[in-house]
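To keep things clear, I will list the structure first and then write my remarks on it.
Taken together, the values in this text are just the output of simple stated rules run on the coordinates, not laboratory data. All values reported here derive from a predicted model rather than from experimental measurement. We place every Cβ from the backbone using ideal geometry, glycine too, and count neighbours over all the protein chains shown.
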Amino acid sequence: MEKEHLEKQYNSLCNQLKSEMNSQGFWSGRLSSSALATSVSIVTFKLNDGTSHTQRIEKGLAWIYSNINKDGGFGDSPESESNVSTTLLSYAAIVFCKTEQVQSTIAISSIENYLKNQKISPQSSEIANSVLDFYGKDLTFSVPILSMLSICGILKSDGLKKIPQLPFEFSLLPQHFYQLFNLQVVSYAIPALIAVGIYLFKTKKSNNPVAKLIRNRSILPALKKLESIMPESGGFLEAIPLTAFTNMCLMDVGFKDNNVVKKGISYLENQQRTDGSWPIDTDLSTWVTTLSVKAMASNITNVLEPESVQILKNHLLTIQYKEKHPFNNALAGGWGWTNYSGSVPDADDTPGAILALLGMYEGNAEESVAILQGCVWLLKLQNSDGGIPTFCKGWGSLPFDSSCADLTGHCILAWVKALDLLGGAVPNAINKEISIGIKKATKYLKRNQNPEGSWLPLWFGSQLTTDKHNPVYGTSRVGAYIQDCLNCNNLELNHKENLANMLSKAQLYLKNQQNINGSWGAVKGAEGTIEETALAISAVASFDLEAALNGQKWIENQIAINGLKTSPIGLYFASLWYDEKLYPLVFYIDALRRLLDMF
């Protein structure tokens, strides 16, 4: 009887997921709107032409006014707790762009009360220290934030002096020089390095004659480089904040007619939503598409028509990068998080695409070549510690190039399944390389599993824990990947033993983190979410069916009360929180499928 109930729910949710497909035959999802993205966008439009963009600015302001938190501050998403950086940017946007006096006065007063409670005065130069301290050594986001506060007149001249000068002239050097100069802006933030660096140079007025000469001569070449790496869409990394920061800084120092600005403004126009807001990024279409395919697994042919499966497969094959990426010089073979041109290949979407293609595999040469190219791309990204970073092999200690457990587990599964399914189609040399990669990655996971059995993720977290970490997410992810590896036929015995031992520790950890009501949050005692509970079910179903079913019952009850309510567990670049509409749906479908396998 219980199995029939689960099957009914599973089929219903699969049909709902099917209805979420876009007109092109894959999934786009929907990222939460962002106070930060909305604030930087309306300031950019005000600088561009406040008169012709009045309606856009007013709609953006109206959204900001209606999404202020009870404490007077702003979080990264409407469901997020307030933080100083987003609140300061919203404050600056309101002061700079306000058109309706009553609403702006009320909002400004509320924000100032919030900041006062945080022991921060908007008129103090100490704002600079607060923002710099929050983001630490990564200047990718702290310096653009402070630059916008300066542009909007919030940060005065004494505060402006505290903003570190970004050496935009270094952008003209090959990327391997960045580590040599200890450049504290990742290669992915070159647009900010150039545009914000030029803004600060022109605004702060350097007294060093040599630096002044070099930087004056570097402005035009740097702007040409910026234009050369601009994607067709006009959005750098498809990121609204990065694109807006870049544009506002260029416009404020006299480059309003630059092609980068023209394309950037057009991109921002296209991204504004009907409610006046902006998300932090265009979408995560590749990510949510591969999550959807993997969640349905072998059942995909029972949910979708053969033509739809073929469209999905062709889409993933088409958007694999076939040449070196112009933005960051990443080699061919990887996949990015979206099909839009501002995306770059990464080590979570690439194994996701490999696994999705393996799940729809029909044995033709095009599929095999794409899968193996993806596997080799991941091997070339593997760090010396055996772990897998997100975007680039380690040349520093920033999130972009740091190894992390959840991505490493994802890649191990992609490699193991590729060898398992492709078999003799894998050339001996590549087979050997992948086997070595699996061995190194497995050792990394073993070294980085905490004594109690948990792993920490990199791009996901929790606002409800003091350190913002989310061990339940990380452990659930890695645990499910390992479980799937152990189900493969050709996994080497020594790998199987190591992975099985790690899985046992991870599953016991997860069982001990379950709340009394059956849910899972980031840790035991933290409020449960559909996302975290579904992921934990996927990892523990084979270990403790009763615990998994208790979690399922909690989710079912939550859906009956609040629907598929999303939670901000995602961490975007520079620690911005977001939630994604499809996460609870896709994660729960995967959990139900795994539960049904237990009957």
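What to note about this one:
- Converting phi to 3J(HN,Hα) with the Karplus coefficients 6.51, -1.76 and 1.60 and the offset θ = phi - 60°, region 245-260 yields 4, 4, 5, 5, 5, 5, 5, 5, 10, x, 10, 4, 8, 5, 4, 4 Hz in sequence order, with x at every glycine or proline.
- Region 384-521: C-alpha gyration tensor shape, a/c 1.5 cut-off, then a/b vs b/c: oblate
- Each residue of region 406-420 is assigned a 3J(HN,Hα), and the resulting list reads 5, 5, 5, x, 4, 5, 4, 4, 4, 5, 4, 5, 5, 5, 5 Hz, derived from the Karplus form 6.51 cos²θ - 1.76 cosθ + 1.60 (θ = phi - 60°), x at Gly and Pro.
- Cβ crowding within 10 Å ranks Phe543, Phe74 as Phe543, Phe74, fewest other Cβ atoms first.
- Which listed pairs, of Lys70/Lys202; Lys262/Lys294; Lys324/Lys432; Lys18/Lys263; Lys204/Lys224; Lys313/Lys581, have C-alpha distances above 28 Å, in listed order: Lys70/Lys202; Lys262/Lys294; Lys18/Lys263
- Degrees between helix 2-19 axis and first principal axis of the chain (Cα, 0 to 90, nearest 10): 40 degrees
- Against the chain, whose longest principal axis comes from its Cα atoms, helix 365-381 is set at around 60 degrees.
- Net charge, Arg217 excluded, C-beta distance under 15 Å - Lys, Arg +1, Asp, Glu -1: +4
- Computed per residue of the chain from DSSP H runs no shorter than four, each worth -39500 (n - 2.57), the mean residue ellipticity at 222 nm is -18500 deg cm²/dmol.
- Once backbone amide H atoms are built at 1.01 Å from N, Ala330 has His325 as its partners under 5 Å, excluding neighbours fewer than 5 places away on the same chain.
- Each of Gln310 and Lys553 was given a label point 7 Å from its Cα along the Cα-to-Cβ line. The distance between the two points is 4.6 nm.
- Sparse packing (at most 14 other Cβ atoms within 10 Å of the Cβ) combined with a DSSP loop state is found for the following trypsin sites (Lys or Arg not before Pro) in region 308-353: Lys322, Lys324.
- Amide H contacts of Asn339: Ser285, Thr286, each under 5 Å away and 5 or more positions distant or on a separate chain (H built 1.01 Å from N in the peptide plane; Pro and chain starts excluded).
- Helix 209-228 axis, angle to the chain major axis (alpha carbon atoms, nearest 10°): 50 degrees
- Within the chain: Cβ-based charge dipole about Cα centre, in debye rounded to nearest 20 (Lys, Arg +1; Asp, Glu -1): 1800 debye
- Between Ala211 and Gln118, full extension at 0.36 nm per residue minus the direct alpha carbon distance yields a gain of 29.7 nm.
- Along region 322-328 the Karplus relation, 6.51 cos²θ - 1.76 cosθ + 1.60 evaluated at θ = phi - 60°, assigns HN-Hα couplings of 9, 9, 4, 6, x, 7, 10 Hz to successive residues, with x for each Gly and Pro.
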